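The values are calculated or read from the model by the stated rules, or taken from the named source; none is laboratory data. Predicted, not measured: the structure shown is a model, and the values here were computed from it. All Cβ positions, even for glycine, are placed from backbone atoms using ideal geometry, and neighbour counts span all protein chains on display. Note: accessible area is taken over every heavy atom of the protein model, side chains too, but ligands, DNA and RNA are not part of it. Shrake-Rupley method; radii C 1.70, N 1.55, O 1.52, S 1.80 Å.
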Amino acid sequence: MRHQRLPTRQKRTKTQRCRTCRSGSGKRACPALSGMIICPECCSAKRAKIPGCDHRCKYYSPLIVRSRKVAPPEYPIHLCLVSRSRDTGMLIVVGTRKRPDGNLKAMFLLLDLWKKGVRDCFYDANLSEKQFERACQRFGNSYAEPEQALPEKEKEEETEQEEKNTRQELVRVPRNTLIIEAETAIHFDNGVTIVDEPEASNGKAIDSAERARSIYEVYIPKTGKWYVWIRAYYKYSEDSYWIGIEDVEPNPWDEQGGPNAIKIWAVPGDDSKWNRWLWDTSTHPLGKSIPGYFDIKRRGYYRVWTKGRESGTKLDQILLTRSRRFNPETASEGKPIPLHTEPHPYLPATFEECQKLIRQAVEISKAVETEFPWEFKYWLHDIWGDIRKFPEPEGSLYKCQKCDADLPDQAVDLIKQHAHSDDIQFYILCRKCGGEFD
């Protein structure tokens, strides 16, 4: 006997193919993708990472509200960075916190301290060190100042000349090799001077008094042994230098140089290295032909430092490489190795300095009624804490673009009036910096 099927009120949910992964569980119409049908897995993967995916989405907004009810866990601050260039008023402030699994929570803020305040925000709660470095480069290049336009003929001549110079100066180096220009330190102790040297890279080198340090911020992308070389000028018996990396084990360690120090020096009585530029390294204490090295345990940012041991020894470049057999003295015939990479687009900053910049941008946004990005409103507390506790800006709302002094009320009112005019750009100086142009 056949059983009669009873009618039900519930209708079976119709499914379609997901337009991104092609699975057969497409159920959600994504507003950020113009109503495209995607599956729940793709929705979760793309959430808050594509333009248009915000609190207005019915699938995402409940999660945001629910996540705000529970206080986020307090992870330790890992890095605070500020973009190197400020010539256009655009400033990128980066803050990261270290998760227990070693990955990072990161926030990138685009601040316009000349006109509108907070312009844009990007947040990611789970980035590896490598992904974070790529994001830093991408954001830094996105808001870099464009080069001035040149006539086509001048461009072609300039390109041909650069290619010619590159072919003449090409030095093949191993894949995992880092080169640091001595004059690009983020900090110089008293006693370190930058000197002009025609035979040095970029025509600049440093001369350090005894125990005067220079500190460099370097991203080391791989673990293991990193062998160290320096390009130096030994003047008579002034033929030694200390190199170190904070919190990294050196080999061979020179106790007189302090923790993590390697001494690079000429053998006593060997005057063949005097009065000339050369690449040199510290050799094994037992006489083995193994360059000095640092044992890197994790990938990430490190502070490399140099310390003068004898005044008169000039330093041009520092080279770190994973290759034990690479000898830059032989490869370059003692010449500097040209850099074909741009400097890192960010400079390290303190947590309080970043908070102060963010607070100033927030006050500017309020004054000129700039709408805050929704990511900024929802995720600011996770990285930077309670904005009400940020240091309040002192003096006028806008500052002199040269010396950071207060601008007069007339200038501030003028900027406020035209802050949202995209065809008007401001470069206003105080009376001291403006001089006859005030």
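Numbers for the structure displayed
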| quantity | calculated |
| --- | --- |
| Three-way shape call for segment 312-438 based on the alpha-carbon gyration tensor, with the a/c threshold at 1.5 | prolate |
| Heavy-atom accessible surface of segment 171-304: percent carbon and sulfur, 1.4 Å | 46 percent |
| Using a Förster distance of 51 Å, the FRET efficiency for His381-Cys403 (Cβ separation, nearest 0.05) | 0.95 |
| For segment 360-405, convex hull volume per residue from C-alpha positions, Å³ | 100 Å³ |
| ³J(HN,Hα) computed for each position of segment 20-25 - Karplus, 6.51 cos²θ - 1.76 cosθ + 1.60, integer Hz, glycine/proline x | 9, 9, 6, 6, x, 10 |
| Charge dipole (debye, nearest 20) of segment 202-243; +1 at Cβ of Lys and Arg, -1 at Cβ of Asp and Glu | 220 debye |
| Inter-label distance, nm, simple model (7 Å from Cα along the C-beta direction), Arg431/Ser323 | 6.2 nm |
| Surrounding net charge for Gly244, when Lys and Arg each add one and Asp and Glu each subtract one, Cβ distance under 15 Å | -2 |
| Candidate residues Phe188, Phe390: accessible-area rank, largest first, probe 1.4 Å | Phe188, Phe390 |
| Along principal axes, Cα extents of segment 170-275, largest first, whole Å | 37, 35, 30 |
| FRET efficiency for Asn202 and Glu255, using Cβ-Cβ distance with R0 set to 30 Å, rounded to 0.05 | 0.30 |
